[in-house]
């Protein structure tokens, strides 16, 4: 998806929405897929390259790592003029994830949106700033959900590199844009309201061709 630094509200984990600071969306874009900017919806897939970093800072200031080996997802990108959000994530599959208490299962709630926040793009190979909005996901220990479970909600800073067709999610620094709630168990190491960090790079592909914003 050639999306100049994107951002979007939403979701491969959506269902419990925690309030987060307001943000300003970028201008509407002309989005083309495979060279065509005709109004249409195009299917896309995304797959992580390298590890998926997810960690939580608890009330004591301790960093609790809860990384995954990989994540993949499906969604759509909207071509046309005056577009923003530019894409959405409808499903995600998480592999090799751990949590206090053992292996974990992550379930996306609802749809996550990718919204551009950068200034109007040109037609070149650029990186466009944005965010993933409306993130909502349920997390629990796989063997016994009552050992540890919680919900992650909020938004994550992101950018889209048109040259590589990669969506880079880089919500680090425990800003409070992503937080956890509905905490049960977790060996007492996690608390409601803890801030989370999330970072990964996703290769984005559409069968209709490369994605570009202008």
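Of note:
- Report note on the peptides 36-46, 171-181: ranked by the mean count of other C-beta atoms within 10 Å, highest first, their order is 171-181, 36-46.
- Protection-proxy order for peptides 83-89, 104-110, each taking the mean of Cβ atoms within 10 Å per residue, highest first: 83-89, 104-110
- Normalised by the number of residues in the chain, the mean separation of alpha-carbon contacts (under 8 Å, six or more apart) gives a relative contact order of 33 percent.
- Alpha-carbon centroid distance for the pair region 133-154 / region 43-66, whole angstrom: 13
- Computed lengthening from residue 172 to residue 203, 0.36 nm per intervening residue step minus Cα-Cα distance: 9.2 nm
- Ranked by how many other Cβ atoms sit within 10 Å of their own Cβ, fewest first, the residues 136, 170 fall in the order 170, 136.
- Net lengthening on full extension, residue 45/residue 81 (0.36 nm per residue, minus Cα-Cα): 10.7 nm
- Multiplying the residue separation of residue 67 and residue 36 by 0.36 nm and removing their Cα-Cα distance gives an extension gain of 7.4 nm.
No lab work stands behind these numbers, since they all come straight from the coordinates. As the structure is a computational prediction, the values presented were derived from the model and not from experiment. Heads up, the Cβs are rebuilt from the backbone with ideal geometry, glycines too, and the neighbour counts pull from every protein chain shown.
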